[in-house]
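Chemist: Handing you this structure, nothing more for now.
The values are calculated or read from the model by the stated rules, or taken from the named source; none is laboratory data. This structure is a prediction, so every number in the text was calculated from the model and none was measured. Positions of Cβ are backbone-derived with ideal geometry, glycine not excepted, and every protein chain shown enters the neighbour counts. The area values use the complete protein model at the heavy-atom level, side chains included, leaving out ligands, DNA and RNA. Shrake-Rupley method; radii C 1.70, N 1.55, O 1.52, S 1.80 Å.
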Amino acid sequence: MNVLNNILNNIFNNKKQLAVLIDPEKIRLEDVKGFVKKVNQSVANYIFVGGSTVPVDVTEPLVLEIKRYTNLPVVLFPGDVVQITDKANSLLFLSLLSGRNPAYLIGKHVEAIPRLKETSLEIIPTGYLLIENGETTMVQKVTETEPMSSKHIENIVNTALAGELLGMRLVYLEAGSGAKSPVSPEIIKAVSNDLSVPLIVGGGIKTKAQMQLAFDAGANLVVIGTALEKNEALFNELKRW
Ligand code: 1GP
């Protein structure tokens, strides 16, 4: 299964795409079966796995457990090298383009190579842009970077395009996990107008209406994590588009 091709095919066929994010720190192994069952019954196309502060040796058992209950592709969305496991299908090889911390632009990537050399994971170079949402996010703390000002939209667009020209195959606009408000439709629209590679949007999306706003603005794939951990009703709403 090739996740990038799948994303591109769905875009070609005008299909919206949803990823449910599972943060290894926020789920117990015994709860995976029930949670994944709900994901299976929803419109979700992918399961993303990752978080900002995941301890060593937690991600692999979680991925194995998820895979027992679903055929959906499991895509690693790692906050750190220790979250890499070849038990997943694919890996978003994230470069934090919004920040200026070399560790998250290239350093962790070099560190990851010995592990990646031994895997058959599909590796998808992804430009990752953290956009300010009025409060400090975990990504910001862990990576010691500043988010991009949501007022300087041109700068956000230029950063996304720089990522594309550097060869990144996806761009991810991130408001931060559990953000009070998601990335604004205005920003999504500006980026998607100029970008040729698929656009992922996540962080703080709590309702179907907010998800729809992101799609209407040009998101190709929306990621929802926190809201689905907390709100059973949202799963019911997501049984159909
Ligand atoms: C976080 O974009 C993802 O990195 C999803 O965010 O948990 O707020 O849905 P939420």
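Chemist: Calculate the translational D of the range 158-205 in whole µm² s⁻¹ from Stokes-Einstein, where the hydrodynamic radius comes from the Kirkwood formula applied to all Cα pairs, the temperature is 25 °C and the viscosity 0.890 mPa s.
Modeler: 223 µm²/s
Chemist: Let me ask you something else. So what J values fall out for the range 123-130 if you push phi through Karplus, 6.51 cos²θ - 1.76 cosθ + 1.60 with θ = phi - 60°, rounded to Hz, Gly and Pro as x?
Modeler: 9, 10, x, 9, x, 10, 10, 8
Chemist: What accessible area, in Å² to the nearest ten, does a 1.4 Å probe give for S95?
Modeler: 10 Å²
Chemist: Counting just the Cα atoms, what span does the chain cover along each of its three principal axes? Round to the nearest Å and put the largest first.
Modeler: Its Cα atoms span 45, 42, 35 Å along the three principal axes.
Chemist: Continuing with the same structure: Could you work out how far the C-alpha centroid of the range 110-162 sits from that of the range 12-51, in angstrom?
Modeler: Computed from Cα coordinates, the inter-centre distance equals 21 Å.
Chemist: Name the residue, out of V142, V39, V63, whose mean-square fluctuation peaks in a Gaussian network model built on the chain with Cα pairs under 10 Å.
Modeler: V142
Chemist: Follow-up question, since we're still on this one. Taking the Cβ of T136 as the centre, find all other residues whose Cβ is under 13 Å away and add up their charges (Lys, Arg: +1; Asp, Glu: -1). Intermediate values should be presented prior to the final figure.
Modeler: Values: positive: K141, K180; negative: E132, E135, E144, E146.
Charge balance near T136 sits at -2.
Chemist: Order M1, M211, most accessible first, counting only protein heavy atoms with a 1.4 angstrom probe. Present the calculation step by step, with values, prior to reporting the outcome.
Modeler: Working: M1 135, M211 0 Å².
Per-residue accessible area, sorted high to low, gives M1, M211.
Chemist: Let me ask another. On full extension of the chain, what length is gained from V43 through L166, given 0.36 nm per residue of separation minus the C-alpha to C-alpha distance? Don't skip to the answer; put the middle values down first.
Modeler: Working: separation 123, 0.36 × 123 = 44.28 nm, distance 3.23 nm.
Stretched fully, the V43-L166 segment lengthens by 41.0 nm.
Chemist: Okay, next question. Which ³J(HN,Hα) values in Hz, rounded to whole numbers, follow from the phi angles of the range 138-149 under the Karplus curve 6.51 cos²θ - 1.76 cosθ + 1.60, where θ = phi - 60° and Gly and Pro get x?
Modeler: Here the 3J(HN,Hα) series is 5, 4, 4, 5, 5, 8, 6, 10, 8, x, 7, 5 Hz.
Chemist: Tell me, what is the FRET efficiency for N2 and E111 to the nearest 0.05, using R0 = 22 angstrom and their Cβ-Cβ distance as r? Present the calculation step by step, with values, prior to reporting the outcome.
Modeler: Values: r = 26 Å, r/R0 = 1.17.
It comes to 0.30.
Chemist: Given a 1.4 Å probe, how much area per residue of the chain is accessible, in Å²?
Modeler: 47 Å²
Chemist: Could you name the lysines in cross-link range of K239, using Cα to Cα under 19 Å and dropping any fewer than eight places away on the same chain?
Modeler: Reachable lysines: K15, K16, K33, K37, K38, K206, K208, K230.
Chemist: Counting only protein heavy atoms and a 1.4 Å probe, tell me what percentage of the range 3-236's accessible area is made up of carbon and sulfur.
Modeler: The C+S portion of the solvent-accessible surface of the range 3-236 is 51 percent.
Chemist: Now for a different question. From the helices alone, meaning DSSP H stretches of at least four residues, give me the mean residue ellipticity at 222 nm for the chain, per-run term -39500 (n - 2.57), in deg cm²/dmol to the nearest 500.
Modeler: When only DSSP H runs of four or more count, the value is -10500 deg cm²/dmol.
Chemist: Under the 0.36 nm per residue contour assumption, what length would be gained going from the current alpha-carbon distance of F12 and L29 to full extension? Walk me through the intermediate numbers first.
Modeler: Working: separation 17, 0.36 × 17 = 6.12 nm, distance 3.64 nm.
Net length gain for the segment: 2.5 nm.
Chemist: Whole-Hz ³J(HN,Hα) for each residue in the range 30-38, computed from phi via Karplus 6.51 cos²θ - 1.76 cosθ + 1.60 with θ = phi - 60°, x for glycine and proline: what do you get?
Modeler: Working through the residues one at a time gives 6, 9, 5, 4, x, 5, 5, 4, 5 Hz.
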